[in-house]
Each structure stands twice: as C-alpha cells, then as structure tokens.
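Values in this text are rule-based calculations from the coordinates and carry no lab data. The model shown is predicted, which means the values in this text are computed figures rather than measured ones. No Cβ is skipped: glycine too gets one built from the backbone with ideal geometry, and neighbour counts run over all protein chains shown.
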Amino acid sequence: MNMLFERKLAIPMEVKEMYPLTGKMADIVEKRDVEIKKIFAGKDDRLLLIIGPCSADNEDSVIDYITRLATVQEKVRDKIFIIPRIYTNKPRTTGDGYKGMLHQPNPNEKPDMFKGLVAIRELHMRALRETGFSCADEMLYPENARYLDDVLAYVAVGARSVENQQHRLTASGLDVPVGMKNPTSGDLSVMMNAITAAQHKHTFIYRGWEVHSQGNPYAHAILRGYVNKHGQSLPNYHYEDLLFLCQIYAEKPDLTHPSVIIDANHANSGKKYLEQIRIVKEVMSSCRYNAEIKKLVKGFMIESYIEDGAQKIGEGIYGKSITDPCLGWEKTERLILDLADMA
C-alpha cells in the first residue's frame, strides 16, 4: 500500500476513560435527547435551530459563540430549541485544504490525529459543561462515531457522504437524530434511500466487529440545494420543493417521523451567507401557507459565527470562519429573535 502507518490511535473506550462525562453532563445529554426526539415525532411544536460555525477551528471562540447562544436560547425557549454546530470534521471537495479540528487542532500546525481526537472530545464536553448544550457534528468518518456518541445531540451526513453504505449503516445504529443531506446532484431519491437504509436494521462490519444495528427512526431529510451540470448552485427550499418532498414522504409510509431540516447556506444560498436570513423567512412563509409543509419542516441549519464572512488561515481574526462565510453575531441574534416571532 502507498501509505505510511505512523501510529495506532487510542480506541474510543480509552479516550472516553481519559475524558469521561460526569453524571450531571450525562443527565443533560439525556434530557435534551428526549426533547429533540419529541420535536421530530411531532409531539413538540418548537422549531429546531442547528446553528454555528461552518467549522469549529478555535476552542475559545467557539465556546464564546455558544455562550452567546445560551443567552438567546433563554429568550426563545418556548418557540425554538437550539442545537449548536460544533463541526470538527470538514469535508473538502478536492480533498485539499483545512479538514477540521480532528485533523488539525491548530490550523497553523501540521495534522495530528490523536491530538485532534482529544481536542474534539474536549470541545464538545466543554460546551456541555459550560453552556448546557449538547451539540451537533458531521459524520465524516463513520468509524469515529464512538469517540463522541455519548455527547452529541444531532448528527449530519453530508452531501458527498450520503450515498456511502458505511455512513448509512452506521447512522442506523446511532440513537440520536441523523440528518441525510440531498447529494450535490440534487437527486432526492438518493437522500430518501439513505433515510430508508438508516431507519432499517442491518448487520455489518464496524471497527472490526460484526454488529447488528437496530434502525434509527429519527433519520430524516436535509435540503441543502444542489449544483447543476454547469456547476451553478440551485436552491431546493422553495414552496414547490417542500410540497414535492411532502409527496415523496407520502409515498413511503414505511418511513417514521417524516421530517426535513432546511440548510439555508451551501447551494441553497450559493454560499452567499447573508441570503440565509431571507431563505429562513421564505420557508416560514411557506409553513404558514400550507399546514402539510409546516408539519414536515422541523427547523433550520444556519452557518453563523461571531464575525461576518470568512478569512484565510493565518489572518487571526477572532471568531471569523476559516472555511465557508458565516453570518455574524448581531445578524444571527436578530434572525433568531425574528424566527421566534414567526414560529
């Protein structure tokens, strides 16, 4: 093989023993899990808001941001349930560039995967301990799920991963809601097949074990827009798109808890981060107009940080994304308050 095997990494159980959850932290995770599942099951009418930086690049600024979210959560708790994004794995279209905190705990230093595993667990635990938030992360590497499975509230499977068998089967063995994004091509049948696979039971190989997953009834859709054959970004959050997804779900009565989260950035916004504000308001208008759409739409995914926009690695602007551009804090706070008024 054309690989250099540097070292064998600690297994999840060892990392968890080094950085264990307290009983209080485990109770918070469990309580939030129950509330989130009630929203997906239609037993709680609050909107979910999965919100935060495109990638978690700096522990202190991420915690600063999430602490601000905690303050806003108290103001809107009757209408909105916030799940902060702590995305520690960053998929790259070409494979090049910053791949997230798992690879590089310090973006200015070389990759160190063991330090990365420790750093991402510490960051999620710090958020839990200091803000009372269990958070969301993206499942880029299915075999790494057990390093964080006791702290996460929500898992997303990205547009480039949603067709992968291992992602689908691993999702079927998680006990938190898993969002399946539509692929970059926009083919909704791919997304729906992923949801079906994740909701069913499977036997497969996982981390060298033969395992039997029990199926995840809370696997659901995420609409994130798509790219056509000319490389142009096109949205799929409009009224007609949501009505079409309602019809697709209606044709699949075997799927439980029909749900969709609207990703307001990525191809839906053409990565024009300010468009997220308008997109959220348009979707809420569709929900007010059509009860079927309102029942299906469980919330939104927003890319947001302390400062507007993005910067290059090394510029050193506190709280500004080093990957995709994000909505700054002042606009974010206003959007959350406006969303609560619309809910």
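Highest mobility in the GNM of the chain, judged by mean-square fluctuation with C-alpha springs under 10 Å and restricted to K24, K294, K16, is found for K24.
For segment 92-109, the Karplus equation 6.51 cos²θ - 1.76 cosθ + 1.60, evaluated at θ = phi - 60°, returns couplings of 10, 4, 9, x, 9, x, 5, 9, x, 4, 4, 7, 9, x, 10, x, 8, 10 Hz by residue, with Gly and Pro reported as x. Result for the chain in a Gaussian network model with C-alpha springs under 10 Å: among I36, I317, I83, the largest mean-square fluctuation is at I317. Classify segment 103-148 as rounded, prolate or oblate from the Cα gyration tensor: take a ≥ b ≥ c as the square roots of its eigenvalues, call it rounded if a/c is under 1.5, otherwise prolate when a/b beats b/c and oblate if not. Cα axes put segment 103-148 in the oblate bin.
Report summary: the helix-based calculation at 222 nm, which adds -39500 (n - 2.57) for every DSSP H run with n ≥ 4 and divides by the residues of the chain, gives -12000 deg cm²/dmol. Computed from backbone phi, the HN-Hα couplings of segment 292-308 come to 5, 5, 4, 5, 6, 6, 9, x, 9, 10, 10, 9, 8, 8, 7, 10, 4 Hz, rounded to whole numbers (Karplus: 6.51 cos²θ - 1.76 cosθ + 1.60, θ = phi - 60°; Gly and Pro given as x). What do you get for trypsin sites (Lys or Arg not before Pro) in segment 205-282 restricted to DSSP loop and a cutoff of at most 14 other Cβ within 10 Å of the site's Cβ? Within segment 205-282, the qualifying trypsin sites (Lys or Arg not before Pro) (loop, at most 14 other Cβ atoms within 10 Å) are R207, K229, K272.
Return the single residue from G100, G52, G231 with maximal mean-square fluctuation; model: Gaussian network over the chain, springs between Cα atoms under 10 Å. Among G100, G52, G231, the largest GNM mean-square fluctuation belongs to G231. For segment 218-283, applying the loop criterion from DSSP together with a ceiling of 13 other beta carbons within 10 Å to the GluC sites (Glu not before Pro) yields E251.
Under DSSP H, which helices of the chain have Cα atoms covering 24 Å or more of the helix axis and a Kyte-Doolittle average no less than 0.0?
On the way: long enough: 23-40 (26 Å, -0.34); 59-76 (25 Å, -0.12); 113-131 (27 Å, 0.08).
Membrane-span-like by this criterion, though nothing is claimed about a membrane: 113-131.
Is the C-alpha gyration tensor of segment 63-197 telling us rounded, prolate or oblate? Criteria: a/c under 1.5 is rounded; beyond that, a/b larger than b/c is prolate, otherwise oblate. Mind dumping the intermediate values first?
Values: a/c = 1.78, a/b = 1.17, b/c = 1.53.
Note, shape of segment 63-197 comes out oblate.
Given axes a ≥ b ≥ c from the Cα gyration tensor, I'd like to know whether segment 192-324 is rounded (a/c under 1.5), prolate (a/b larger than b/c) or oblate. Can you show the working numbers first?
Details: a/c = 2.21, a/b = 1.24, b/c = 1.77.
Oblate shape, in that a/c is at least 1.5 and b/c is the bigger or equal ratio.
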